[in-house]
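> Encoded as structure tokens, here's the structure I'll be asking about.
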Amino acid sequence: MADRNKHIQALQDYVETLQIAQLTKQQMMIRAQEILRQWNSLGGKQADAVAQLLDDLQNMDYLTPTEKANKIARHPTMAELQTMAQKYGVTQAGLAVVGEIGKSFQEALTRYEAVLRSEANKIPDQLTRDLKNARIDREMKSLRSKPYFPAMRFGDYSITIRNAANKVIHFETFETQRQRNSAANALKSQLATDDKMQLGKLDRQVRPLLGVPTQLLELMGEKLQLTQAQRDALDQLKFELSPAQSFKHRFQHKKRIEGYSMDFRRAYANYFFHGANHLMKTQYADRLRALAKMTRDEVKSAPDITKRERIVAYMNNHLENWLDPKSDWAAIRSVAFLWQLAFSPAAAAQNMTQTMLTSYPFLASRFSDLKAIGALTRAGRDFQTFYTKGRLERQSNFVQKALFQGMADGIIRETQAPELAGYADGNVLAKGFGGNDAQRYITKFNEAAAFMFEMAEQINRRLVFRAALQLAMENPASKYVQDVVKKRKLLYDRVRGDMTEAEAAAYVTAVDATITTQFQYGREYSPRVLRGHARAVLVFKTFIQSYVVFLANYPTAAVRSLLILAYLGGFMALPGADDLKEILRMIGWQMFGEDFKLDREARKWIIELLGKDKNGADIADLMLHGASRKGYGIPALMDMLGGTVGADIQLPVFDRSRAISAGTILPVELGKIFGPPLASAEKTIAEQGAKASGAIFGVGFAAYSAMRDQQLDWNDSKRWDRVMPRAISSVAKAWRAYNEEGARTRTGSQLIKFDPRDPYGMAEILGVAAGYTPYRQNLEWDKVISRQDATKLWEIRNQGLMRQFGNAVLAKDNDERARVLGAIRKFNQELPSEARGFAITGDALRQSVEKKAESRQMQERGLSTKKRDIPVIRAEDELYPESQREFRRVPRGLTP
């Protein structure tokens with residue numbers, strides 16, 4: 001046990017350091033994101049004016065001719081700033097944004113300086129250390145002596161100018177090769193005799209390093225695993241873009257055009273996103289490496305270090321991936337989110353169940369059920385909605401402080417929602433606040449699309465954060481609180497300066513509970529299987545993976561969670577239940593020739609036990625699919641409450657059992673691949689291939705199937721249901737339900753009827769538009785599928801035995817013929833009463849053999865058993881006159 005605790009502590013130290021590093025990055029990103037939102041809220045014209053003012057500030061256009069000649073660098077006076085603001089019509093709100101931009105850069109410089117000082121102070125030699133610190137002093141003083149804004153252009157096409165000493169004196173990038181070449185022609189006249197211009201194209205791995213301060217770049221070269229392309233470009237990247245340098249005016253050529261301000265916002269976003277990322281990695285890389293080494297050295301003299309070596313190998317592998325992350329198709333994951341979850345009330349509501357499944361069970365296992373229920377209830381009662389979240393007058397000073405700290409750390413911030421669909425892929429700043437008008441509209445569309453889901457995510461996180469905060473304050477001596485303080489000592493020490501011991505303990509407890517129960521979806525927390533491109537394929541498997549790990553790590557919480565899940569979604573909703581069903585179906589068919597469907601057999605057994613009536617069926621539904629099968633019982637509750645006051649309250653009943661279910665953990669359904677061949681092999685492979693390829697790549701399979709569809713018209717929206725984004729597909733289904741007054745199958749038969757003239761029917765249709773499925777529709781569909789599977793299975797058995805008998809007769813294999821006859825007799829004897837129509841008679845066998853023999857003979861003669869086919873076959877035969885069925889040897893020496 002002691003060894004196990006040491007192993008766990010080693011991993012905890014590593015993970016906590018990683019989480020502290022992430023908080024460092026998030027704080028910088030959130031600060032920059034808020035400023036960008038303020039900048040965008042100014043409106044297009046005022047935002048452009050702010051950018052023009054920033055342009056003048058960074059070029060220090062307020063300097064006098066004498067100051068420029070003497071290369072003086074300074075900040076503008078208030079009068080000079082007001083003059084420039086009036087020139088471009090910058091309002092007080094615009095000036096406030098300019099001020100916040102300046103502050104954010106100063107804050108970033110303070111962080112950079114702290115990292116550089118920390119590294120410099122590690123130098124053992126006093127003289128070298130002093131020289132290093134002196135260099136830091138000079139660089140920081142230079143950067144702080146003037147306005148700074150890294151207004152680089154964007155693009156991969158570059159111009160680099162070096163002087164006679166081969167030092168970079170100008171570096172700039174352009175969106176297109178044509179723009180780059182035009183700028184190069186304009187710059188040629190400004191080159192000195194010894195200056196050399198080089199045109200190039202940046203490696204995409206280099207662009208994220210643009211704008212990073214020189215000494216930090218040098219430190220990154222030492223600490224991080226830069227690619228060769230990045231290392232080769234360090235000289236260019238170290239080139240300072242500060243406007244105070246003479247080259248800035250010497251090579252000045254940019255023109256002010258409408259919308260140019262977006263380059264400034266893109267530059268700002270790019271700087272803070274990548275700057276925060278690189279700073280965080282540079283600051284914590286050595287500590288993480290040291291933790292891995294210490295973990296190994298701690299037991300190097302022990303007799304058996306196998307487990308510890310595995311832990312160290314995991315740390316090293318994770319650290320390598322963290323420092324040099326592999327491409328994970330973030331754009332594709334973003335599309336997957338928009339495709340499957342955007343504008344979907346049903347998806348957002350489904351997300352809300354996580355609090356019941358993870359947060360409550362966890363808090364109850366740590367503080368008791370009554371305390372957890374009370375804390376969550378109070379947190380829910382006091383919870384402020386998104387629209388009124390600024391109203392904190394009912395909260396204590398500490399709660400407000402903790403909430404603001406949680407926002408700054410990205411724990412409960414709505415803009416820091418997990419990367420579940422890939423929408424918030426970590427590049428929100430760089431992608432969300434730049435580009436042309438079209439890109440800005442796309443960004444606003446994405447934000448609107450994600451609103452409901454992020455709202456649900458924020459509610460979940462704030463509820464558990466505030467409930468855990470309250471429980472920790474009320475129970476400071478709790479073992480869980482004490483353990484969390486030890487487990488998250490780095491975070492505890494970090495906030496201890498602004499909080500009392502009890503407050504800091506409560507804060508880290510709230511952070512731990514939120515992270516543990518609401519999960520972390522960043523790739524730095526992903527298992528190996530979900531790193532790289534696999535993240536795009538398995539984008540919606542991250543929740544179930546995190547949930548299964550949660551159940552394994554917290555057994556006492558797992559019992560409560562599984563009981564709640566069983567109540568909400570029934571036994572078939574439990575993790576692994578669907579996989580077990582598919583495995584049993586595969587085994588049943590492969591070993592016994594039976595189609596054993598776990599849910600069907602369980603339903604059959606329950607109904608036979610309780611009675612073949614509606615009550616028995618309802619109980620079977622409840623046990624297999626839980627309360628979610630009938631809208632979590634809400635419609636029944638409202639009907640009961642209405643009855644007590646004499647009101648007729650009938651709410652539509654929607655089936656949410658499939659949404660609450662954990663689904664299959666395996667990427668494919670084994671029962672459909674290796675179970676009864678109820679569908680063609682081609683169709684099965686296509687369906688399972690689409691399932692295994694993930695939410696977004698599966699759309700390609702669906703699109704191909706839709707284009708090949710011969711059953712539905714091109715203008716029938718049902719043909720494209722699986723191709724359309726979820727929100728659009730839901731609206732299309734509702735529109736068909738309204739116009740056709742029902743839901744139909746692909747064959748055109750009406751499955752159930754809707755009455756749009758009745759309030760109940762119209763409410764059902766509106767629910768369909770929101771992404772829900774009526775209970776009666778799912779129930780009817782389950783019945784249809786069950787019927788088809790049952791009849792298809794008996795038909796497969798019947799036809800299979802007759803084919804085997806025909807083959808044995810035509811092959812004149814008496815032993816095989818006898819064996820098949822025995823199997824046929826057994827099949828007939830074991831047929832249940834309802835399947836007697838599938839019995840194999842002597843006449844059916846004789847006709848089958850005769851038909852098979854005739855078909856074989858006609859095929860061998862190149863003919864068809866159908867008269868209508870003969871002319872077509874003859875026409876095709878004319879295309880192959882050289883064809884011959886029999887080989888005839890012609891004797892040699894004979895002439896015609």
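The values are calculated or read from the model by the stated rules, or taken from the named source; none is laboratory data. Keep in mind it's a predicted model, so treat the numbers as computed, not measured. Cβ sites come from the backbone with ideal geometry, for glycine too, and all protein chains shown count toward neighbours. Ligands, DNA and RNA are stripped out before the accessible areas are found, and what is left, the full protein with its side chains, is counted by its heavy atoms. Shrake-Rupley method; radii C 1.70, N 1.55, O 1.52, S 1.80 Å.
> Count of lysine pairs in the stretch 460-619 with Cα atoms under 23 Å apart, counting only pairs 8 or more residues apart in sequence or on different chains?
Step by step, the pairs that qualify in the stretch 460-619 add up to 9.
> Using a/c under 1.5 as the rounded threshold, could you call the stretch 735-892 rounded, prolate or oblate? The axes a ≥ b ≥ c are square roots of the C-alpha gyration tensor eigenvalues, and prolate needs a/b larger than b/c, oblate otherwise.
It comes out oblate by the Cα gyration axes.
> Now for a different question. Mind checking Rg over Rh on the stretch 772-814, alpha carbons, Kirkwood formula for Rh?
Using Cα coordinates only, the ratio equals 1.43.
> Still on this structure, I have one more. If you count only protein heavy atoms with a 1.4 Å probe, what accessible area per residue comes out for the stretch 76-195, rounded to a whole Å²?
The answer is 52 Å² per residue.
> Round to a whole number: what % of the accessible area of the stretch 1-126 belongs to carbon and sulfur, probe 1.4 Å?
After summing per-atom areas, the C and S share lands at 56 percent.
> Distance between Cα centroids, the stretch 744-813 to the stretch 679-714: provide it in whole Å.
18 Å
> With a sphere of radius 12 Å drawn around the Cβ of I673, what net charge do the other residues whose Cβ falls strictly inside it have (Lys, Arg +1; Asp, Glu -1)?
In short, +1.
> Measuring from label point to label point, each 7 Å out along Cα→Cβ, what is the I870 to Q86 span in nm?
10.3 nm
> For the stretch 334-385, report the accessible area per residue in Å² (1.4 Å probe, heavy atoms, rounded to an integer).
Per residue, the stretch 334-385 has 37 Å² of solvent-accessible surface.
> Leaving out same-chain residues fewer than 8 places away, which lysines sit with a Cα under 22 Å from that of K196?
Cross-link targets: K167, K188, K238, K248, K254.
> Report the number of Lys pairs in the stretch 722-855 whose alpha-carbons are under 23 Å apart, with separation of 8 or more residues or on distinct chains.
So the count works out to 10.
> Right, next: Can you pull the one-decimal nm distance between simple spin-label points at V548 and N166, each 7 Å off the Cα toward Cβ?
5.6 nm
> Once amide H atoms are placed 1.01 Å from N in the peptide plane, what residues at a sequence separation of 5 or more from I169, or on another chain, have their amide H within under 5 Å of its amide H?
I161, R162, N163
> Which percent of the accessible area of the stretch 470-516 is formed by carbon and sulfur heavy atoms (probe 1.4 angstrom)?
55 percent
> Now a separate question. Output ³J(HN,Hα) for the stretch 161-171: one whole-Hz value per residue in order, computed from phi by the Karplus curve 6.51 cos²θ - 1.76 cosθ + 1.60 with θ = phi - 60°, and x for Gly and Pro.
10, 10, 8, 4, 8, 6, 8, 5, 10, 7, 8
> Keeping every protein chain present and rolling a 1.4 Å probe, give me the accessible area per residue for the stretch 752-800 in Å².
Accessible area per residue, the stretch 752-800: 52 Å².
> Please express the shape of the stretch 1-140 as an equivalent ellipsoid: the semi-axes are the square roots of 5 times the eigenvalues of the C-alpha gyration tensor, given largest first in whole angstrom.
42, 26, 7
> Sticking with the crude label model, points 7 Å out along Cα→Cβ, report the distance from D195 to T306 in nm, one decimal please.
Spacing of the two 7 Å Cα→Cβ label points: 6.8 nm.
> Another question, then. Taking every pair of alpha-carbon atoms in the stretch 621-715, give the share separated by more than 22 Å as a whole percent.
Considering the stretch 621-715, 57 percent of its Cα-Cα pairs are separated by more than 22 Å.
> Which percent of the accessible area of the stretch 620-735 is formed by carbon and sulfur heavy atoms (probe 1.4 angstrom)?
Percent of accessible area from carbon and sulfur atoms in the stretch 620-735: 64.
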